[in-house]
Structure formats: C-alpha cells, structure tokens
Amino acid sequence: MQPGSSDHGGLKEAIWWPVNKLPARSCTVFLLFLFLLVGALVTLRVLDYNTVFGDGPRIPNNEIPEKAQERIEVPFNCTAFNLRGICPTILPTNVTKDPGRQSPPTCPEYFRWIHEDLRPWSRTGISRDMVERAKTTAHFRLVVMNGKAYVERYHRAYQTRDVFTLWGILQLLRRYPGKVPDLELMFDLEDRPYIKSRDFSGPNAPSPPALFKYCADDESLDIVFPDWSFWGWPEVNIKPWGPLLKDFAKGKNKTKWMAKTPYAHWRGNPDVSPSRQDLLKCNVSRKKDWNARLYRQDWVQESRNGFKESDLTKQCTHR
C-alpha cells in the first residue's frame, strides 16, 4: 500500500495529512496555495465592484429577467365595433423609446422582397399616372399625411376585408406615431393577382400601374402589401391573431403529441385557386397514400351549423 492512501476492497481512498504533521516543504507549498487563493478571491471581488459601480467594462447579463419590461402603449380609443365608424383624429406625434431595446444591425432577410416587388419601377419611379391607373380595380385609396389616414372607397369589398385592412393600418399609425411617412396608394382586396406582367413587357409596352394587394405570383406585378398580423374575420368566426394565439396554446395541449393523427392536415375552399385544386390530388386514394388528409370546406353550410367544424383551435390534432 502506498503512503497517503488506504485500500478498502481494492479501492484506494485519498487521505488528508494533518497540517501539524506536514513536512516543512509541504507546509510551504500549502501556505503559498492558500495565499494565491485568497488573492484571487479579493481580485474578483474588486473587479465585480468596478463593473457595477465604476468605469470598468460591463459584462453582459444573460440571465432572463423575472418580469418583462412593460410594453409602451399609445392611447387609442377606437374599437372594431364602433357604430359611428369614427376614430380620434388626434394621436401622439412621438413616443418614448424603450431604452432596453436595441436596433438590429441589419434588416431581416425578407426585406429584400420589398426591392424585388418594386423592381418594375426602379428606374422610372412611381408617377401620379401610375397610381391613378390602378383605380380601375382598387377597392380604396389610402392617403397618410402628417400621421393621419384618409380613405376614399371605390368598390365594395367582400365581407369586411376593407374594414380589417384599414384597422391594421390604424394600428401601424398607433404603434409608430410620427414615424410613418406621407404616402398614397391604391389597394385591391381580391384573392387573385390582377396586373399581368405579360401586358407590360416589350420595347413599347406601357409602364405598369402601382396596385397593392395581399397576393402576387411570378406572372404578376401586383405589389404585396406587407401586413404584419391577422386582424380577424368575423364572418367565418376567426378571431384576431392575438387572442387566437392564446387559444392555440391551450388547444395544442388537449391531445398528447404521440396520440395525434400522424398526417398532414388541410381544410379549406379549393375553388378559389388552381393550386388548391392541385393540392386535393395529394389526398389519400385507393392506390396512393401521401400521408395527408385534405378536406373541402363548405362555408355556407358551416355558417348554418355555427362553424362547429372550422374552429381552428380544435384542429390541433395532427402531427
């Protein structure tokens, strides 16, 4: 057995020598180690004090705060069900910035699509004539001047699409008071693109009109409106994204993950788009199962039945 250890059943266990029995050389090494340890602790203490109270470098705190900073709210007393249809005409022109929020060093990757959608007018710019020619199919004209929104309606939109589109724009003016520049645009609320690129190609082709929509494709020049949320669709009993997200959080936990149906799930009206009709070809058949379950939605029948089969929060049953 080696000195300084004990053997119990083949296992060696370290033994601490008493200090008063240590040799002179070992005692010197022990005291030197103790002195260095105390010095290191004192140095760390001083560095921490300088970091907090002095001019020393600040170490970023990666800990998650227990309570998030309250979101800055701007007064805005206009509800979606205001019967008079009148909102306050006076809004704050500026808002106090959040000191704890830093601006990103670069724009998000999807910002490049702004330049791509505006590429047809990159050399000529958008003239008054280009805006006015979009009036033929536009549902409304939007003008923002000095932080206020002005609307001129041309065609009646399907259900309340125009109401909730304008509601989103009002939210933008509310969220960034005094920061939205003056602008004027034409807005079309139909489902399909309208400005075909083939009509504006060639050496003597006219310049395309500037028309904003919620959709576009590779064969069209419609400008996709950069909407940032979903503001609700009461006709089909769909809530705005804020409360809907909370309902999703509850609905997804009603069925455990492994108990959910292991198929891709889609439910909707396939008659509004050729791509949706192609999607139905991927449904299960006698010859092929693409691991997808696709359902045709009859919104007229759903409205009669109280939308029992279209509650989005009750469809978190697939994985």
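Okay, residues lined up against (1) among the charged types (D, E, K, R); (2) touching a helix residue (DSSP H, G or I) at 6+ places or on another chain (Cβ under 6 Å):
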position: 143; (1), (2): no, no
position: 161; (1), (2): yes, no
position: 168; (1), (2): no, no
position: 177; (1), (2): no, no
position: 181; (1), (2): no, no
position: 185; (1), (2): no, no
position: 189; (1), (2): no, yes
Within the range 224-258, considering residues that are of a type in the set (S, T, N, Q) and over 13 Å from residue 311 (Cα atoms), the one nearest to the chain's Cα centre (by Cα):
229
Considering residues of the range 218-257 that are without any contact (Cβ under 8 Å) to a residue 40 or more places away in the chain and not in a loop (DSSP other than H, G, I, E, B) only, the residue farthest from residue 137 (Cα to Cα):
249
Of all residues in the range 300-314, count the ones that are among the hydrophobic types (A, V, I, L, M, F, W, C) and farther than 9 Å from residue 237 by Cα.
2
Assess whether residue 280 counts as being in contact with a Gly (Cβ under 9 Å, 6 or more places away or on another chain) and modelled with pLDDT of 90 or more.
no
Candidates 294, 279, filtered to the one that is part of a helix (DSSP H, G or I) and over 18 Å from residue 235 (Cα atoms)
279
I'd like to know if the range 190-202 contains one or more residues that are crowded, with 18+ Cβ neighbours inside 10 Å and hydrophobic (A, V, I, L, M, F, W, C).
yes
So residue 267, is it in a strand (DSSP E or B), in contact (Cβ under 8 Å) with a residue 40 or more places away in the chain and either out of contact with any helix residue (DSSP H, G or I) (no Cβ under 7 Å at 6 or more places or on another chain) or under 30 Å from residue 169 (Cα atoms) (or both)
yes
If we take the range 95-211, then helices (runs of 4 or more DSSP H) inside it with 2 or more residues that are over 25 Å from residue 233 (Cα atoms) and either outside the structural domain of residue 273 (by TED's automatic domain parsing) or in contact with a Pro (Cβ under 6 Å, 6 or more places away or on another chain) (or both) are 112-117, 128-133
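The values are calculated or read from the model by the stated rules, or taken from the named source; none is laboratory data. Since we're looking at a predicted model, the values are computed, not measured. As a convention, Cβ positions derive from the backbone with ideal geometry for all residues, glycine included, and neighbour counts pool all protein chains shown.
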